[in-house]
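Engineer: Right, I'll just put the structure down here and ask away after.
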Amino acid sequence: MRIKPFQRIDVKEQNLKYMKSYLFLLLLLSTLSCSKNNEIQPTPKESMYYPSNTSSTWETKTLSSLGWNQTAVQPLKDFLIQKNTKSFMILVNGRIVMEEYFNGHTASTNWDWNSAGKTLVATTTGIAQQEGLLNINNKASDYIGIEWTNMTLAKENLISVRHLLTMTSGNDDTKQYVVKPNLTYVADAGTRWAYSNIFQKLIDVVANTSNKTFETYFNEKLKSKIGMDGFWNFGTIFTIYHSTTRSMAKFGLMALNKGKWNKEQIVNEQFFNESISTSQNINPSYGYLWWLNGKTSFMIPGEQTVNQGYLVPNAPADMYSAMGANDQRIYVIPSKKMVVVRMGNASDPANPNFAVSGFDNALWGKINAVIN
């Protein structure tokens, strides 16, 4: 066996090789780290904000932080003033981006919602259902007794609570006083959409099933939960809610979050989703007393004409709205996490309206110039 000669190892040279390898590894790791840090990181998702129920504190957000066009703000304000607006608000993720008051109106002034308040009634009806007090698919007479209309009993019994929520009760919509002699038959419930004040019978449904006045039940289950102010004015023609602009915005914020306020589900999400979905196949742009944009056609109060296209062409397709006479508005836009509120006198006093008007499309033209 041949013995290999002893090889001498140069320790200094070996250590130098190790050092070079170590430095190369450090340089590689540093490069990778810098590369990662220099990548464009996704913007953290902003949390939804809910204002206090007990104080006037309300977080704000600047237009510049949203990248909005600030030069278009003054033309929007000029338009609002020209159209007899009292107050205007925009929320994004619950934070106030714009809050404007005109013509002596202030943050503490109450104003009427008119038919925009129908959405409050619909929501309260949904709460009563989730508490097991009623079922909207049952006939209304189960809860308010028979002979509440001037129809035959057979026709009256066709009217469910859901028909009252969807404007499809089949009554004569030309008579606005909600009294028995005026609640006459025109068509079977569910076969005709017509905008009328018969929805007010939902107030009786909730009162009878809860054994409380409607206002007491509403205050306990909705108003106090989200920190609204305001009061109801009940009448045979109109039942109207009055509140400050911020209270209207709070309800809009709850609607943006599908019936949720902070960590509490005020009205269950399933019912709310039904509320903002097409409720019948006659007027696709109507839910449970909510107006819906982005549908193939729409009808308006006082007419039986079916109009093709979006309810408000300039507005986002996913918008749903509470609309009241003289252009009281809550616009809710989920895709933009936005709520827009308008209160005031009629935009066109010569042509007052019950709900939808040309004002909506003109206003959204001005809003688009700011937010796009």
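The values are calculated or read from the model by the stated rules, or taken from the named source; none is laboratory data. Computed from a predicted structure; not experimentally measured. We place every Cβ from the backbone using ideal geometry, glycine too, and count neighbours over all the protein chains shown.
Engineer: Among the residues of the stretch 53-63, is any small (Gly, Ala, Ser) and either farther than 24 Å from GLN328 by Cβ or modelled with pLDDT under 95 (or both)? Give the steps one after another, and end with the answer.
Structural biologist: Going residue by residue through the stretch 53-63, those that are small (Gly, Ala, Ser) are 55-56.
If we keep only those that are either farther than 24 Å from GLN328 by Cβ or modelled with pLDDT under 95 (or both) as well, we get 55-56.
Yes, some residue in the stretch 53-63 is small (Gly, Ala, Ser) and either farther than 24 Å from GLN328 by Cβ or modelled with pLDDT under 95 (or both).
Engineer: Another question about this same structure. Of the conditions (1) touching a Ser or Thr at 6+ places or on another chain (Cβ under 8 Å); (2) farther than 25 Å from ASN257 by Cα; (3) β-branched (Val, Ile, Thr), ILE300 clears all except one; give me its number.
Structural biologist: With (1) touching a Ser or Thr at 6+ places or on another chain (Cβ under 8 Å); (2) farther than 25 Å from ASN257 by Cα; (3) β-branched (Val, Ile, Thr) applied to ILE300, the lone miss is (1).
Engineer: Every residue in the stretch 327-372 that is of a type in the set (D, E, K, R) and more than 20 Å from LYS86 (Cβ to Cβ), please.
Structural biologist: LYS336, LYS337, listed by residue number.
Engineer: Here is a follow-up. Out of all the residues in the stretch 192-226, which are surrounded by fewer than 17 Cβ atoms within 10 Å (Cβ to Cβ), of a type outside the set (Val, Ile, Thr) and outside any helix (DSSP H, G or I)?
Structural biologist: Of everything in the stretch 192-226, those that are surrounded by fewer than 17 Cβ atoms within 10 Å (Cβ to Cβ), of a type outside the set (Val, Ile, Thr) and outside any helix (DSSP H, G or I) turn out to be ASN211, LYS212.
Engineer: Is there a residue in the stretch 296-308 that is crowded, with 21+ Cβ neighbours inside 10 Å, among the hydrophobic types (A, V, I, L, M, F, W, C), closer than 21 Å to ILE127 by Cα and touching a strand residue (DSSP E or B) at 6+ places or on another chain (Cβ under 8 Å)?
Structural biologist: no
Engineer: For THR31, indicate whether it is modelled with pLDDT under 95, more than 30 Å from ASP348 (Cβ to Cβ) and surrounded by 10 or more Cβ atoms within 10 Å (Cβ to Cβ).
Structural biologist: Considered against the rule, which asks whether it is modelled with pLDDT under 95, more than 30 Å from ASP348 (Cβ to Cβ) and surrounded by 10 or more Cβ atoms within 10 Å (Cβ to Cβ), THR31 comes out as yes.
Engineer: Residue under question is ASP188, and the condition is that it be of a type in the set (Asp, Glu), surrounded by fewer than 18 Cβ atoms within 10 Å (Cβ to Cβ) and in contact with a Gly (Cβ under 6 Å, 6 or more places away or on another chain); does it hold?
Structural biologist: Judged against the criteria, ASP188 is a match.
Engineer: Further, regarding this structure: Filtering the stretch 217-236 down to residues that are hydrophobic (A, V, I, L, M, F, W, C) and in contact with a helix residue (DSSP H, G or I) (Cβ under 7 Å, 6 or more places away or on another chain), which residue is farthest from GLN265 (Cα to Cα)?
Structural biologist: Pass one, the stretch 217-236, residues hydrophobic (A, V, I, L, M, F, W, C): 218, 222, 226, 228, 231-232, 234.
Keeping just the survivors that are in contact with a helix residue (DSSP H, G or I) (Cβ under 7 Å, 6 or more places away or on another chain) gives 218, 222, 226, 228, 232.
Details: PHE218: 15, LEU222: 11, ILE226: 11, MET228: 16, TRP232: 24 Å.
So, considering only residues that are hydrophobic (A, V, I, L, M, F, W, C) and in contact with a helix residue (DSSP H, G or I) (Cβ under 7 Å, 6 or more places away or on another chain), the one farthest from GLN265 (Cα to Cα) is TRP232.
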